[in-house]
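The values are calculated or read from the model by the stated rules, or taken from the named source; none is laboratory data. Treat the numbers as computed from the prediction; the structure is a model and nothing was measured. Note: ideal-geometry Cβ built from the backbone for every residue, glycine included; neighbour counts use all protein chains shown.
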Amino acid sequence: MPTAETTPRDRALQGAEALLVLVGVMWVVQLINSVDDYRLDSNGIVPRNLDGLRGVVLSPFLHASWAHLIGNTIPFVVLGLMIAIAGPGRLLAVTAIVGVVAGLGTWLTSASGSDTVGASGIVFGYAAYLIARGFFNQRAIEIGLGVIVALLFGGALLTSLVPHTGVSWEDHAFGALGGLLAASLLRDGRAGQTSQRSPSSLAA
């Protein structure tokens, strides 16, 4: 984990390594799941069922098909790397907050009998976090990056709120809510002072 002596480059590399571990777990699980006729998908988020709560942790690593996994992996890596620049601690904190909010929200509100799997809730949480964090930290470079993310993913964020058969809009919506919460909880409370001491530093 990053220390006081860790350089920004070291933090970014360690964050990227943590992201690759998460992606690697998804792909290994998918390989096992596909060989096992996708029986692991029964461990997704089953709403208002106590056993279904395990899906809050497990569902981001489970996917219904290889196409589903690939479709989530690309934005997961692109957005995740933007967060990972700040180090593995920040990446894992954002992921945990988004995962819990998306998972519990889906568990509470999804249609009875549904089973939600996939990392799309995390993806939308990452996007919302990147869009919002600059406004919380009051840093121009982060606001600019957030605008770029909004232009690239804003349409998908909005259309994801429209119910589609076979797609969990609840996971997407609560994932985005989790991203906003993460941006608020992980804000730099001393943004002004920090920027005076190290104006070229990046914060997540």
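For the reader, a short list of remarks on this structure follows.
- Scanning the stretch 148-204 for residues that are at pLDDT below 75 and either in a helix (DSSP H, G or I) or in contact with a Cys (Cβ under 8 Å, 6 or more places away or on another chain) (or both) yields ALA191, GLY192, GLN193, THR194, SER195, GLN196, ARG197.
- Each residue in the stretch 101-126 was checked for being surrounded by 17 or more Cβ atoms within 10 Å (Cβ to Cβ) and not aromatic (Phe, Trp, Tyr), and 16 of them qualify.
- Some residue of the stretch 52-59 being of a type in the set (D, E, K, R) and touching a Leu at 6+ places or on another chain (Cβ under 8 Å): no
- Of the residues in the stretch 66-77, at least one is of a type outside the set (Asp, Glu), closer than 26 Å to VAL21 by Cβ and in contact with a His (Cβ under 8 Å, 6 or more places away or on another chain).
- Looking across the stretch 98-140, the residues that are in a loop (DSSP other than H, G, I, E, B), farther than 21 Å from LEU69 by Cα and not small (Gly, Ala, Ser) come down to GLN138, ARG139.
- On inspection, SER34 qualifies as farther than 21 Å from VAL100 by Cα and more than 21 Å from the chain's Cα centre (by Cα).
- Within the stretch 123-143, residues that are touching a residue at least 24 places away in the same chain (Cβ under 8 Å) and of a type in the set (Lys, Arg) have Cβ atoms under 6 Å from residues that are buried (at least 24 other Cβ atoms within 10 Å of the Cβ) and in a helix (DSSP H, G or I) in these pairs: ARG133/GLU142; ARG133/ALA183, counting only partners at least 6 apart in sequence or on another chain.
- For beta carbons closer than 9 Å, sequence separation of 6+ or different chains, a first residue in the stretch 85-114 that is touching a residue at least 24 places away in the same chain (Cβ under 8 Å) and a second that is surrounded by fewer than 21 Cβ atoms within 10 Å (Cβ to Cβ) and among the acidic types (Asp, Glu), the qualifying pairs are GLY87/ASP10; PRO88/GLU17.
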